[in-house]
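Each value in this text was obtained by applying a stated rule to the coordinates, not by laboratory testing. Not measured: the values here are computed from a predicted model. Positions of Cβ are backbone-derived with ideal geometry, glycine not excepted, and every protein chain shown enters the neighbour counts.
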Amino acid sequence: MIDQAPALIVVIPLLAALFITVIGVYKPRLSWILTVLTFVITSIFTIITLKQVVVIGPVYYMFGNWPAPFGIEFVIDHLNALIIAMISIVALLVAIYSKHDVKKELGDKIPHFYSLFTLLVTGLLGITMTGDAFNLYVLLEVSALTSYALLALSKGRAYIATFNYLIMGTIGACFYLLGVGYLLINTGSLNMADIATIINANTYSYAVLAAFLFIMIGMWTKMALFPLHGWLPNVYTYAPTSTSCLLAPLMTKVSVYVMLRMMTSVFNYDYIFNVLQWQQVIVALAVLAILAGSILAFRQDNLKRMLTYLIVAEIGYMVGGAWLGNVNGFTGASYHIIADGFMTLCLFLAIGCIIYKIGDSSLASMKGIFKKMPLTMVGFLIGAFSMIGIPPTCGFFSKWYLLSGAYEAGAWPFFVALLVSSLVNAILFFRIIEVGYFHALPEEEPNHNHPKHKRDEAPLSMIIPLLTTAGLLIGIGIYTADIVTYLIRPFINTFL
Amino acid sequence: MIIGFDVICLCLILLCAILALYIKDLMGAVIVFGAYSFLMCIVWACNAAIDVAFTEAAVGAGVGTVFLVSTVYSTTRVDSFKKNRFITQLLMFFVVCIVGSLLLLTVTDLPEWGDGNAPANAHLSSYYLENSIDDTHVPNVVTSVLADYRGFDTMLETCVVFIAFIAIFAILRVRKSRTNNDETSKIFELLVPSYQKVDSVIIKTASHLMIPFMQLFALYVVAHGHYSPGGGFQGGVILGASLILLAISYDFKKSLNYLSEKKVILLVALGVLIYAGIGVICLFLGGNFLDYSVLSKILPATDSIMARSHAMLGVEIGVALTVMVSMYGIYLCLSSNGRFDKGL
Amino acid sequence: MDYILNHFNYIIVVIIMMLGLWGMLSLSNLVKKLISMAIFQTGIILFYISMGAKKGSSIPIIKQAYDDHHHPIHQTINHIDYANPLTQILMLTAIVVGVATLGLGLALTQRVYSEHKSLNEDEILESLS
């Protein structure tokens, strides 16, 4: 069964989504437990695969048993083994977390929510593992369509925000498809490894340039890199809480991974950094993304909205790191995919708990929150520390790699932008701590027995995933050296 | 393959595209867009892409237009709001010009149209053409690549259709009891352009006569996809169109009698389940996922190559089921604004 | 002239795609945006199909000869005689994905309309602010 794991990682959630839909017609209550069960099994398989990759090296899986360029192939190397483990664990945590939240927000749409949820994760896992450029497009659409649906399950302004996301997302996917078309017209192949060998033998032409450019623009649109980020804040702000908890950590990071994947396994270092020499421009864009994200985040007084702008800034970290073109920058970008995934998850889960209890995430309503929800705020603080980059958390280490990468490449604007962003994050989160810890609870209910000191935590099914994520942030931070040596370096060595 | 014809069609297409964007009246724009899709399908037939033409005729020009028309009907066909977007449009025009000129630059690098030895036609596709018969015993290479060599893609594509249905159902479906209590939706009812249901005997009789033949043809398209153009998607869409015709010419009550809401959800899932299930059976028989050749162990009197051919038929049936029911389901949602009471 | 005719499909592809892209980015009506989206997608489909065409080729269904026992006779097949099946399969997928996206977009449009009573982006933004 072990050698079938790559297929099972995708097939199990897919089948589960079908069963959830069918059972949801008769017994909607079962859909939550089925989803959790699915992701427990998927997580076990991804961790088994991760172990296998560390021990014996990359795993290849041929669908339909057709040899590589003719059939569709899954390639699991060191980095994406780590990323699928992250995706399935994030999905598991959000699935557990969503139980009460979904009941409150969605009512009779619960089975649809869970079946779309599982299919979204199926798509993301597939995108990460696939070694076929066109298969990636189909999986991209699977995850895109499910995410539009999940975002639009909320009411009111969510519809128009999602509509804009649909337009932008389709432009991104179509550009990617166009890029794949240019690859196909140059090489006649769709398998990434196969394309790489054929392209290297060719001279570089405009058509190859167009392929690279359109794939990159497509991915930048999908990941909301700075001038193309317009859709992101509205979409995540007006979405149902559980949806934004799932999408915010995963969607953008997976697009970043696709960018890394395209840079490493289709095109090569020599072409990107010596023939094209765009790194100055892209790193400048990343700097702008970081600064714009930080400044815009500063102007928000709604916590959820503030976080969405921080995501825009974090995208700048990863894109900039990847385009520095040295080992440390690339390590930082790869490591930050994992770190930022869990960081964003932690903060969104915490905010979700607050919204669940208070019904609002504006800064004004945070007064006295530390007394009211101490456990939630412990999780929130650890997430915030990681975002700022305080040592035991993993946020510190990714920033360290990015900074040393910027130093080696002499990309001083990027170096400064990283520091400024840390500073802005620190100010933002300390502002919340100040309001939450030092400002007294508003005394609205004088009849209540102990309005000031009453603890009113979110249910355990929401607190446990939050604290687990917080623990993971520290755990990943402590094991940074191992992750980098055994998982990220072997991946980078094939590229640089 | 006829260059002159191709060129004329493409010029007409360009005209239709411009018109579809220019016409202010939404219904007009939608109809012109239908013509655009239909011309596109002729161009694809010209380029020897007969399966694509078939799909475009059924999906793009057929069902896609029906979806657009239903939406325009249940919202509004006029857009009277005026605001000067000239600056945005000019800006976007420049952006588009830059992208377009870059694309035109690459055209010089592309091989000539119709060059049989261009890289795109040599590497993978020549393998498929030369080995399809030996590998799978299926003469229609499009079917064999679709359902076997790249079967995983097609499974996910079926999944996309499934997702589209579940998504539209989840977004639009409103329960009746709730609608009646909701004040805003009552006001909304007034805003929706009211129309008289014409109870025409001619339409009813005509569709009554047509539907069985449509369905028979669709079944032929599904089952004969190994040897002639067609397959699960095309057949599924035609089957779906026959159900949509039933819903249009009679009313929702009649068509929901045949295929209720619950059954729609179950059948959509069942179609994908058939596809994925065949893949999982392959897993249990010791092959890779979707490796149909191992099915020869359980199928009587088939070698591993015939097993691929048979399994493809099974897969196509799954695809057809999902596509048929979801097209019908999406139509029901879109044309009644999720209330499932009355359609076009 | 010969050059243009030989690359005519690609030139039309570029124009159609850019028309669609322009429409998606700058038209204010939601249904028009979706129509532009569909036009953009068909542009890409035309790109793929054009690259798979071969002059003087037939549709990609192999002409199979059978012996008396209905067993296929082995024959050598020259790939030049048949159009490229690969691009066609990819585009079958793209068409179906396209209609799925269109359907979802239309569902969202209907919800936007019942929420804001308008299909015009500017009018909606004005009513929100």
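Is the range B:138-344 rounded, prolate or oblate when judged by the Cα gyration tensor, a ≥ b ≥ c being the square roots of its eigenvalues, rounded requiring a/c under 1.5 and prolate requiring a/b larger than b/c? It comes out prolate by the Cα gyration axes. Taking θ as phi - 60° and the Karplus parameters 6.51, -1.76 and 1.60, the scalar couplings of the range A:169-183 work out to x, 5, 4, x, 5, 5, 4, 4, 4, 5, x, 4, x, 5, 5 Hz in sequence order, x denoting glycine and proline. Overall, the anisotropy analysis places the range A:253-371 in the prolate class: the square-rooted eigenvalues a ≥ b ≥ c of its C-alpha gyration tensor yield a/c not less than 1.5, with a/b exceeding b/c. So how tilted is helix A:30-56 from the main axis of chain A? Cα-based, degrees 0 to 90, rounded to 10. Between helix and principal axis, roughly 40 degrees. Bridgeable aspartates and glutamates around A:Lys367 (alpha carbons under 18 Å apart, same-chain partners fewer than 8 residues away excluded): A:Asp301, A:Glu434, A:Glu443, A:Glu444, A:Glu445, A:Asp456, A:Glu457.
Can you show me the helix-derived [θ] at 222 nm for chain C, built from DSSP H runs with n ≥ 4 at -39,500 (n - 2.57) apiece and divided by the number of residues, rounded to the nearest 500.
Working: 5 runs with 87 residues, N = 129.
One gets -22500 deg cm²/dmol as the mean residue ellipticity at 222 nm.
Simple spin-label estimate for C:Ile11 and B:Val78 gives 4.2 nm between the two label positions (7 Å along the Cα-to-Cβ direction from each Cα).
Can you give me the convex hull volume of the Cα atoms of the range A:278-496, divided per residue and expressed in Å³? Let's see the in-between values first.
On the way: hull volume 22.7 nm³, N = 219.
Roughly 104 Å³ of hull volume per residue.
Taking every full run of DSSP H in chain C, the ones that stretch at least 30 Å from end to end by Cα along their long axis and average 0.5 or higher on the Kyte-Doolittle scale are C:30-52, C:85-116.
In chain A, the calculated helix contribution to ellipticity at 222 nm averages -24500 deg cm²/dmol per residue, counting -39,500 (n - 2.57) for every DSSP H run with n ≥ 4. Against chain A, whose longest principal axis is taken from its Cα atoms, helix A:412-433 shows a tilt of about 20°.
How big is the shadow of the Cα convex hull of the range C:1-55, averaged over all directions, in nm²?
Details: hull surface 15.9 nm².
Average of the hull's projected areas for the range C:1-55 equals 4.0 nm².
With a length cut of 24 Å (Cα positions projected on each helix's long axis) and a Kyte-Doolittle mean of at least 0.5, go through chain B and give me the DSSP H helices that pass. The answer, listed by residue number, is B:3-22, B:26-46, B:86-107, B:151-172, B:201-223, B:232-249, B:261-284, B:304-335. Can you tell me which lysines have their Cα less than 23 Å from the Cα of A:Lys371? Leave out same-chain residues fewer than eight positions away. Within the straight-line cut-off, A:Lys371 pairs with A:Lys304, A:Lys357, A:Lys452, A:Lys454.
For the protein assembly as shown, what is the percent of antiparallel DSSP beta bridges, rounded to the nearest 5? All intermediate terms of the calculation are to be shown ahead of the outcome.
Details: 10 of 12 bridges.
Around 85 percent of the beta bridges assigned by DSSP in the protein assembly as shown are antiparallel ones.
Note on the range A:200-243: Cα Rg divided by 2.2 N^0.38 Å, N the number of residues, gives 1.75.
Around the amide H of C:Tyr82, modelled in the peptide plane, lie the amide H atoms of C:Ser58, all under 5 Å away and 5 or more residues distant in sequence or on another chain.
Rounded to a whole number of µm²/s, how large is the Stokes-Einstein D of chain A at 37 °C and 0.692 mPa s, given Rh as the Kirkwood radius over C-alpha pairs? Intermediate values should be presented prior to the final figure.
Working: Rh = 22.7 Å.
In µm²/s, the coefficient rounds to 144.
Residues whose amide H falls under 5 Å from that of C:Asn29, counting only those 5 or more places apart or on a different chain, are C:Glu121, with hydrogens built in the peptide plane. Mean-square fluctuation check for chain B, GNM, Cα pairs under 10 Å: which of B:Cys282, B:Cys159, B:Cys11 is largest? Highest fluctuation of the listed residues: B:Cys11. So which lysines can C:Lys63 reach, going by Cα to Cα under 21 Å and dropping same-chain residues fewer than 8 places off? Hits, sequence-local ones excluded: C:Lys54, C:Lys55. For the pair the range A:267-336 / the range A:164-219, the C-alpha centres are spaced 21 Å from each other. Once the Cα atoms are used to define both axes, helix A:279-298 deviates from the longest principal axis of chain A by about 10 degrees.
Averaging the Cα positions of each part gives two centres, and for the range B:21-49 and the range A:76-114 these lie 41 Å apart.
What shape does the range B:1-77 have by the C-alpha gyration tensor, where a ≥ b ≥ c are the square roots of the eigenvalues, rounded means a/c under 1.5, and otherwise prolate means a/b greater than b/c and oblate the rest? It would help to have the intermediate numbers written out before the result.
Details: a/c = 5.43, a/b = 1.63, b/c = 3.32.
In terms of gyration-tensor shape, oblate.
Of the Cα atoms belonging to the protein assembly as shown, the radius of gyration and Dmax stand at 27.2, 97 Å.
Tell me what chain B gives for mean residue ellipticity at 222 nm when only DSSP H runs of n ≥ 4 count, each as -39,500 (n - 2.57), the sum divided by the residue total, rounded to 500 deg cm²/dmol.
Values: 16 runs with 241 residues, N = 344.
Value at 222 nm, helices only: -23000 deg cm²/dmol.
Residues whose amide H lies under 5 Å from that of A:Ser362, counting only those 5 or more places away or on a different chain, are A:Leu303; hydrogens are built 1.01 Å from N in the peptide plane. Using the structure shown, select from B:Lys24/B:Lys204; A:Lys109/B:Lys263; A:Lys155/C:Lys33; A:Lys104/A:Lys253; B:Lys24/C:Lys117; A:Lys51/A:Lys253 the pairs with a Cα to Cα distance greater than 24 angstrom. As for pairs spanning more than 24 Å Cα to Cα, those are B:Lys24/B:Lys204; A:Lys104/A:Lys253. Looking only at C:Gln41, C:Gln110, C:Gln75, which one moves most when chain C is put into a Gaussian network model with springs between Cα atoms under 10 Å? Its mean-square fluctuation being the largest, the pick is C:Gln75. Inter-part distance, the range C:95-129 to the range A:380-397, computed on C-alpha centroids, equals 40 Å.
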